[in-house]
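What follows is calculated from the coordinates using simple rules that are stated; it is not laboratory data. Remember, it's a predicted structure, so these values are computed and weren't measured experimentally. Cβ coordinates were reconstructed from backbone atoms using ideal geometry, including for glycine residues, and neighbour counts include every protein chain displayed.
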Amino acid sequence: MKILVVDDFSTMRRIIKNLLRDLGFTNISEADDGQTALPMLQNGDFDFLVTDWNMPGMTGIDLLKAVRADAKLQTMPVLMVTAEAKKDQIVEAAQAGVNGYVVKPFTAETLKEKIEKIFERIG
Amino acid sequence: MTDNNQNKLISLAHAKELVASLEAGDNEQAELILDQMALARDSDLFKELGKLTRELHDSLSGMHADSRIADLAEKDIPDAKERLNYVVTVTEQAAHKTLNVVEECLPVAEKLQANGKTLRDSWQKFRKKEMSSDDFRSLCLELDEFFDEASDQMSSIHKGLSDVLLAQDYQDITGQIIRRVIGLVQEVEGNLVSLVRITGQRMVAGGDTAETKEEDDKIKAVGPAVPGVDTSDVVSNQDDVDDLLSSLGF
């Protein structure tokens, strides 16, 4: 399982990376915004995307939309881990095809639960 | 002044002409002169009116910037203070959370180390064949106990370290809030500069200060919700997010 973690704060990338490692995922790459992430996704063989929303350059919601619009990437599971907590935003992410939404600050259990749910659904 | 003198001269000349015309009984000519005098006055009036309009326009443009400044002072600055207070709270909580875990884990690690040392000493006694069979039996029991305890102790240290890891999320959350306040400070600076321009009567045409205000009607990233500041239409925890998503059929 190859995972891409996208967040503009390196501390948050490290936190998510360590939590994922704890859950048994070891093949993890990082990007600091959507602009960097998109070519990595297009050229790599990632199985799962974890992204923040609020980032300079290209935001997480735009990255999600770009992923869903890309023939090769459109079925990739995407988990949003973000401090954006407005209802409109959650609805927009859902409409754009997000597979899970975790608000910061979050617990290790929440992250685990959401990831398990995503993979359970995908089968 | 030159204009005034000319106007006066013209008026005096017109007045003399007017008197002359009236004395000559030429009413038609007198009325014509009166019209001309009125026309001169009117054009002055228009000039004055134009000047007044210009001043009014300038002060209205100034007012535009002023209203944003008032907005900043009344709403955005107190709002930023609240946000910065929240940063203080969040960083304090994260520091305490980390310190608590360290205080909990240190004695556990110390106990683990002490037990390990006791067992190592006994084990070496056994290797040197200095141990009685009774002592060996009790060593076996101690070893069993140690293995059980060590497993629990290691998992509590692991949990503690995971908590410390997660506590570092304050940097992301406070970083986003501080960036937003920096944006506000820059806006205040810009507004102060244009305020100085206005009061210095050197304002550049067109009020561009109001355009920097955020448009709220568009969905855009706003950063972490701050309790007491962001209250409308914001979910307060993960359960709310889950409820909202499940109401959408997720």
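Brief remarks follow.
- Inter-chain Cβ neighbour average for residues A:11-18, partner chain, 10 Å: 4
- Normalised contact order of segment B:51-194, rounded percent, pairs of Cα under 8 Å and 6 or more residues apart: 49
- All Cα pairs of segment B:60-177, percent lying beyond 26 Å: 55
- Ranking of A:Tyr101, B:Tyr86 by neighbouring Cβ atoms within 10 Å, starting from the fewest: B:Tyr86, A:Tyr101.
- Taking B:Lys16, B:Lys220, B:Lys111 in turn, the Gaussian network model of chain B (Cα-Cα springs below 10 Å) assigns the largest fluctuation to B:Lys16.
- Relative contact order of chain A, pairs being alpha-carbon contacts under 8 Å that are 6 or more residues apart, as %: 22
- Each of B:Ala40 and A:Leu23 was given a label point 7 Å from its Cα along the Cα-to-Cβ line. The distance between the two points is 9.1 nm.
- Helical contribution to [θ] at 222 nm, DSSP H n ≥ 4, -39,500 (n - 2.57), averaged over the protein assembly as shown, rounded to 500: -23500 deg cm²/dmol
- Using bins of 10 Å that start at zero, the share of Cα-Cα pairs per bin across chain A amounts to 14, 52, 33, 2, in whole %.
- DSSP-defined antiparallel bridges as percent of all bridges, chain A, nearest 5: 0
- With contacts taken as Cα pairs under 8 Å and at least 6 residues apart, chain B reaches a relative contact order of 28 percent.
- With a Förster radius of 45 Å applied to the C-beta separation of B:Leu112 and B:Thr91, the computed FRET efficiency comes to 0.90.
- Solvent-free Debye scattering, log10 I(q)/I(0), computed from the Cα coordinates of the protein assembly as shown at q = 0.07, 0.08, 0.12 Å⁻¹: -0.56, -0.65, -1.01
- Partners of B:Lys47 within straight-line reach, counting lysines whose Cα lies under 20 Å from its Cα and excluding those fewer than 8 residues away in the same chain: B:Lys8.
- Kirkwood Rh, Cα atoms: Rg over Rh of segment B:120-188: 1.58
- Selected from B:Leu195, B:Leu45, B:Leu32 as most flexible by GNM, with chain B as the system and alpha-carbon contacts under 10 Å: B:Leu32
- Packing-based ranking of A:46-59, B:127-140, B:148-161 yields A:46-59, B:148-161, B:127-140, ordered from highest to lowest mean Cβ neighbour count within 10 Å.
- Filter on A:Lys86/A:Lys112; A:Lys17/B:Lys117; B:Lys125/B:Lys159; B:Lys129/B:Lys159; A:Lys87/A:Lys117 - keep pairs with C-alpha separation over 31 Å: A:Lys17/B:Lys117; B:Lys125/B:Lys159; B:Lys129/B:Lys159
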